[in-house]
Amino acid sequence: MKISLIPIYEDNYVFHFITDDGLSVVVDPGDGQPVIDYLETNGHSLQVILHTHHHWDHINGDDALREKYNCEIWGPEFEIMRIPNMDVLLEDGQNYTLGSHSFKVIHTPGHTRGHICLYFEKDNVLFSGDTMFSLGCGRLFEGTPDDMWNSLKTLRNLPDDTIVYCAHEYTATNAKFWKSIESNHPEVDDILEKIKSQKCTVPTKLSFEKAYNPFLRADDPKLKQALGMVDETEEKVFAHIRHLKDNF
Ligand code: ZN
Ligand code: FE
(Lines give C-alpha, C1' and ligand atoms only; values in the text may rest on other atoms or scores of the structure.)
(Ligands and ions follow the chains in the order given, each with its own letter.)
Protein backbone atom coordinates (compact mmCIF):
# COMPACT_ATOMS: atom_id res chain seq x y z
CA MET A 1 0.00 0.00 0.00
CA LYS A 2 1.65 3.20 -1.16
CA ILE A 3 0.62 6.07 1.08
CA SER A 4 1.13 9.71 0.12
CA LEU A 5 1.28 12.68 2.48
CA ILE A 6 -0.66 15.87 1.75
CA PRO A 7 0.56 18.62 4.08
CA ILE A 8 -2.12 21.10 5.20
CA TYR A 9 -2.09 24.08 7.56
CA GLU A 10 1.03 24.53 9.71
CA ASP A 11 1.76 20.95 10.63
CA ASN A 12 -1.11 18.58 9.72
CA TYR A 13 -0.87 15.64 7.33
CA VAL A 14 -3.69 14.19 5.28
CA PHE A 15 -2.93 10.71 3.93
CA HIS A 16 -3.96 9.30 0.58
CA PHE A 17 -3.78 5.79 -0.83
CA ILE A 18 -5.25 3.67 -3.59
CA THR A 19 -6.32 0.12 -2.81
CA ASP A 20 -5.23 -2.79 -5.02
CA ASP A 21 -8.60 -2.71 -6.73
CA GLY A 22 -8.57 1.03 -7.35
CA LEU A 23 -10.45 2.68 -4.50
CA SER A 24 -9.10 6.12 -3.68
CA VAL A 25 -9.06 6.89 0.05
CA VAL A 26 -8.02 9.82 2.25
CA VAL A 27 -7.54 9.92 6.00
CA ASP A 28 -8.47 13.02 8.05
CA PRO A 29 -8.90 15.68 5.36
CA GLY A 30 -8.86 18.78 7.57
CA ASP A 31 -8.99 21.02 4.51
CA GLY A 32 -10.64 20.51 1.12
CA GLN A 33 -8.76 22.46 -1.51
CA PRO A 34 -5.24 21.07 -0.94
CA VAL A 35 -6.69 17.54 -1.14
CA ILE A 36 -8.63 18.35 -4.33
CA ASP A 37 -5.46 19.88 -5.81
CA TYR A 38 -3.50 16.75 -4.94
CA LEU A 39 -6.12 14.40 -6.38
CA GLU A 40 -6.45 16.41 -9.61
CA THR A 41 -2.71 16.72 -10.11
CA ASN A 42 -2.37 12.96 -9.78
CA GLY A 43 -5.45 12.05 -11.79
CA HIS A 44 -7.39 10.46 -8.93
CA SER A 45 -11.01 10.61 -7.86
CA LEU A 46 -12.11 9.92 -4.27
CA GLN A 47 -14.34 7.14 -2.93
CA VAL A 48 -13.82 7.07 0.83
CA ILE A 49 -12.86 9.48 3.63
CA LEU A 50 -11.66 7.88 6.87
CA HIS A 51 -11.65 9.75 10.18
CA THR A 52 -9.81 9.21 13.45
CA HIS A 53 -11.64 11.93 15.44
CA HIS A 54 -13.82 15.00 15.20
CA HIS A 55 -11.41 17.95 15.48
CA TRP A 56 -11.77 20.62 12.79
CA ASP A 57 -8.22 20.17 11.49
CA HIS A 58 -9.18 16.58 10.59
CA ILE A 59 -12.72 16.97 9.20
CA ASN A 60 -13.08 20.45 7.67
CA GLY A 61 -12.45 19.20 4.14
CA ASP A 62 -15.42 16.79 4.22
CA ASP A 63 -18.06 19.09 2.72
CA ALA A 64 -15.94 20.22 -0.24
CA LEU A 65 -14.79 16.66 -0.98
CA ARG A 66 -18.26 15.17 -0.66
CA GLU A 67 -19.68 17.82 -2.97
CA LYS A 68 -17.05 17.24 -5.62
CA TYR A 69 -16.66 13.44 -5.47
CA ASN A 70 -19.83 12.20 -3.74
CA CYS A 71 -17.52 10.06 -1.58
CA GLU A 72 -18.49 8.15 1.56
CA ILE A 73 -17.46 9.30 5.04
CA TRP A 74 -16.39 6.65 7.55
CA GLY A 75 -15.60 7.58 11.14
CA PRO A 76 -15.79 6.63 14.82
CA GLU A 77 -19.26 5.64 15.99
CA PHE A 78 -18.64 7.34 19.35
CA GLU A 79 -18.34 10.69 17.56
CA ILE A 80 -21.56 10.47 15.53
CA MET A 81 -22.73 13.71 17.17
CA ARG A 82 -19.51 15.53 16.26
CA ILE A 83 -18.80 14.43 12.68
CA PRO A 84 -21.59 15.27 10.21
CA ASN A 85 -22.83 12.98 7.43
CA MET A 86 -21.05 9.75 8.32
CA ASP A 87 -22.06 6.80 6.12
CA VAL A 88 -20.22 4.09 8.01
CA LEU A 89 -19.84 4.12 11.80
CA LEU A 90 -16.60 2.42 12.78
CA GLU A 91 -16.84 0.28 15.91
CA ASP A 92 -14.07 -0.65 18.30
CA GLY A 93 -12.52 -4.04 17.60
CA GLN A 94 -14.33 -4.52 14.29
CA ASN A 95 -12.70 -5.22 10.94
CA TYR A 96 -13.62 -3.32 7.80
CA THR A 97 -12.77 -3.96 4.20
CA LEU A 98 -11.63 -1.43 1.64
CA GLY A 99 -11.29 -3.23 -1.65
CA SER A 100 -8.56 -5.78 -1.13
CA HIS A 101 -7.38 -4.28 2.17
CA SER A 102 -8.81 -4.62 5.61
CA PHE A 103 -8.31 -2.69 8.80
CA LYS A 104 -9.19 -3.07 12.42
CA VAL A 105 -10.60 -0.23 14.52
CA ILE A 106 -8.80 0.39 17.81
CA HIS A 107 -10.60 2.75 20.20
CA THR A 108 -7.97 4.99 21.79
CA PRO A 109 -9.68 7.51 24.10
CA GLY A 110 -7.67 10.35 25.63
CA HIS A 111 -7.28 13.08 23.04
CA THR A 112 -11.01 12.85 22.32
CA ARG A 113 -13.44 10.43 23.91
CA GLY A 114 -14.22 8.60 20.70
CA HIS A 115 -10.80 8.70 19.01
CA ILE A 116 -9.95 5.63 16.95
CA CYS A 117 -6.78 4.38 15.29
CA LEU A 118 -6.96 2.39 12.06
CA TYR A 119 -4.74 -0.67 11.87
CA PHE A 120 -4.08 -2.29 8.49
CA GLU A 121 -2.54 -5.48 9.79
CA LYS A 122 -1.51 -7.08 6.50
CA ASP A 123 0.03 -3.82 5.30
CA ASN A 124 1.77 -3.17 8.65
CA VAL A 125 0.25 0.30 8.74
CA LEU A 126 -1.30 2.24 11.60
CA PHE A 127 -3.06 5.58 11.20
CA SER A 128 -2.70 6.95 14.72
CA GLY A 129 -4.44 10.33 14.29
CA ASP A 130 -3.74 12.54 17.30
CA THR A 131 -3.29 9.66 19.76
CA MET A 132 0.37 8.84 19.12
CA PHE A 133 2.89 11.16 17.48
CA SER A 134 6.53 10.51 16.83
CA LEU A 135 8.13 10.97 20.28
CA GLY A 136 4.84 12.33 21.56
CA CYS A 137 1.13 11.88 22.17
CA GLY A 138 -1.98 14.01 21.81
CA ARG A 139 -3.19 16.50 24.36
CA LEU A 140 -5.87 15.30 26.76
CA PHE A 141 -8.86 17.35 25.64
CA GLU A 142 -11.57 14.85 26.57
CA GLY A 143 -9.85 12.12 28.51
CA THR A 144 -7.77 11.39 31.60
CA PRO A 145 -4.09 10.49 31.72
CA ASP A 146 -5.15 6.92 32.55
CA ASP A 147 -7.29 6.77 29.39
CA MET A 148 -4.38 7.89 27.23
CA TRP A 149 -1.83 5.64 28.92
CA ASN A 150 -4.10 2.63 28.34
CA SER A 151 -4.62 3.67 24.72
CA LEU A 152 -0.88 3.99 24.13
CA LYS A 153 -0.23 0.63 25.79
CA THR A 154 -2.70 -0.94 23.37
CA LEU A 155 -0.83 0.58 20.42
CA ARG A 156 2.49 -0.47 21.96
CA ASN A 157 1.33 -4.10 21.71
CA LEU A 158 1.26 -3.96 17.91
CA PRO A 159 4.23 -5.49 16.04
CA ASP A 160 7.56 -3.63 16.02
CA ASP A 161 7.61 -3.24 12.25
CA THR A 162 4.30 -1.36 12.16
CA ILE A 163 4.62 1.86 10.16
CA VAL A 164 2.90 4.69 12.02
CA TYR A 165 1.24 7.56 10.15
CA CYS A 166 0.47 10.24 12.72
CA ALA A 167 -1.49 13.34 11.81
CA HIS A 168 0.93 16.09 12.88
CA GLU A 169 4.56 17.03 12.33
CA TYR A 170 5.43 17.73 15.97
CA THR A 171 8.56 15.60 16.16
CA ALA A 172 11.20 18.32 16.54
CA THR A 173 9.42 19.88 19.53
CA ASN A 174 8.74 16.45 20.97
CA ALA A 175 12.44 15.57 20.72
CA LYS A 176 13.40 18.76 22.55
CA PHE A 177 10.88 17.92 25.24
CA TRP A 178 12.28 14.39 25.53
CA LYS A 179 15.75 15.81 26.06
CA SER A 180 14.42 18.15 28.77
CA ILE A 181 13.21 15.19 30.84
CA GLU A 182 15.86 12.56 30.00
CA SER A 183 19.01 14.47 29.11
CA ASN A 184 21.20 11.55 30.22
CA HIS A 185 19.77 9.17 27.60
CA PRO A 186 22.76 8.02 25.52
CA GLU A 187 21.01 8.55 22.17
CA VAL A 188 18.93 11.66 22.77
CA ASP A 189 21.43 14.14 21.26
CA ASP A 190 22.00 12.12 18.10
CA ILE A 191 18.27 11.64 17.54
CA LEU A 192 17.56 15.32 18.21
CA GLU A 193 20.17 16.37 15.65
CA LYS A 194 18.89 13.92 13.06
CA ILE A 195 15.31 15.10 13.47
CA LYS A 196 16.34 18.77 13.22
CA SER A 197 17.82 18.03 9.79
CA GLN A 198 14.60 16.39 8.49
CA LYS A 199 11.72 18.40 7.13
CA CYS A 200 9.30 15.47 7.35
CA THR A 201 9.54 12.73 9.99
CA VAL A 202 6.27 10.92 9.18
CA PRO A 203 5.79 7.98 8.96
CA THR A 204 7.68 6.60 11.93
CA LYS A 205 8.28 2.99 12.98
CA LEU A 206 6.64 1.56 16.05
CA SER A 207 9.96 -0.01 17.12
CA PHE A 208 11.47 3.50 17.24
CA GLU A 209 8.58 4.80 19.32
CA LYS A 210 8.73 1.86 21.73
CA ALA A 211 12.43 2.50 22.25
CA TYR A 212 12.41 6.30 22.62
CA ASN A 213 8.97 7.94 22.85
CA PRO A 214 8.74 8.99 26.52
CA PHE A 215 4.93 8.71 26.44
CA LEU A 216 5.24 4.99 25.66
CA ARG A 217 7.83 4.51 28.41
CA ALA A 218 6.09 5.56 31.62
CA ASP A 219 6.96 2.09 32.97
CA ASP A 220 10.61 2.21 31.87
CA PRO A 221 12.85 2.16 34.99
CA LYS A 222 15.45 4.40 33.31
CA LEU A 223 12.95 7.10 32.47
CA LYS A 224 11.39 6.81 35.93
CA GLN A 225 14.81 7.31 37.42
CA ALA A 226 15.53 10.35 35.24
CA LEU A 227 12.26 11.84 36.53
CA GLY A 228 13.02 10.97 40.16
CA MET A 229 9.93 8.73 40.25
CA VAL A 230 11.43 5.26 40.71
CA ASP A 231 8.77 4.15 43.19
CA GLU A 232 5.77 5.70 41.49
CA THR A 233 3.17 3.81 39.47
CA GLU A 234 3.31 3.95 35.68
CA GLU A 235 -0.02 5.84 35.70
CA LYS A 236 1.45 8.57 37.92
CA VAL A 237 4.61 8.75 35.82
CA PHE A 238 2.58 9.07 32.62
CA ALA A 239 0.38 11.83 34.10
CA HIS A 240 3.50 13.68 35.20
CA ILE A 241 5.14 13.48 31.77
CA ARG A 242 1.94 14.72 30.11
CA HIS A 243 1.73 17.58 32.63
CA LEU A 244 5.34 18.57 31.97
CA LYS A 245 4.72 18.55 28.20
CA ASP A 246 1.61 20.72 28.59
CA ASN A 247 3.82 23.34 30.22
CA PHE A 248 6.86 22.91 27.99
ZN1 ZN B 1 -7.04 16.49 17.32
FE1 FE C 1 -5.10 17.47 15.11
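The values are calculated or read from the model by the stated rules, or taken from the named source; none is laboratory data. Computed from a predicted structure; not experimentally measured. Heads up, the Cβs are rebuilt from the backbone with ideal geometry, glycines too, and the neighbour counts pull from every protein chain shown.
Brief remarks on what is shown
- Of all residues assigned to the range 134-142, at least one qualifies as being within 16 Å of ligand 1 (Cβ to nearest atom), touching a Lys or Arg at 6+ places or on another chain (Cβ under 6 Å) and either at pLDDT 95 or above or in a strand (DSSP E or B) (or both).
- Total residues in the range 143-154, condition within 16 Å of ligand 1 (Cβ to nearest atom) and touching a residue at least 40 places away in the same chain (Cβ under 8 Å): 3
- Pick from the range 18-41, criterion under 16 Å from the mean Cα position of the chain (by Cα) and assigned to a strand (DSSP E or B), ranking: surrounded by the fewest Cβ atoms within 10 Å (Cβ to Cβ): V27
- Selection of the range 58-75 for residues being under 21 Å from the mean Cα position of the chain (by Cα) and either away from ligand 2 (no atom under 16 Å from the Cβ) or in contact (Cβ under 8 Å) with a residue 60 or more places away in the chain (or both) yields H58, I73, W74.
- Residue within the range 11-25 that is at negative phi, touching a residue at least 12 places away in the same chain (Cβ under 8 Å), within 16 Å of ligand 2 (Cβ to nearest atom) and in contact with a Phe, Trp or Tyr (Cβ under 6 Å, 6 or more places away or on another chain) present: yes
- Hits in the range 203-245 - residues which are touching a helix residue (DSSP H, G or I) at 6+ places or on another chain (Cβ under 8 Å) and aliphatic (A, V, I, L, M): L206, L216, A218, L223, A226, L227, M229, V230, V237, A239, I241, L244
- Set side by side, the residues H44, H53 differ, and just one is more than 16 Å from ligand 2 (Cβ to nearest atom), part of a loop (DSSP other than H, G, I, E, B) and either surrounded by fewer than 20 Cβ atoms within 10 Å (Cβ to Cβ) or touching a residue at least 60 places away in the same chain (Cβ under 8 Å) (or both), which is H44.
- Restricting attention to the range 92-134, the residues that are more than 16 Å from ligand 2 (Cβ to nearest atom), at positive phi and either among the aromatic types (F, W, Y) or touching a residue at least 40 places away in the same chain (Cβ under 8 Å) (or both) add up to 1.
- Test: L152 is away from ligand 2 (no atom under 16 Å from the Cβ) and either closer than 15 Å to H53 by Cβ or hydrophobic (A, V, I, L, M, F, W, C) (or both): yes
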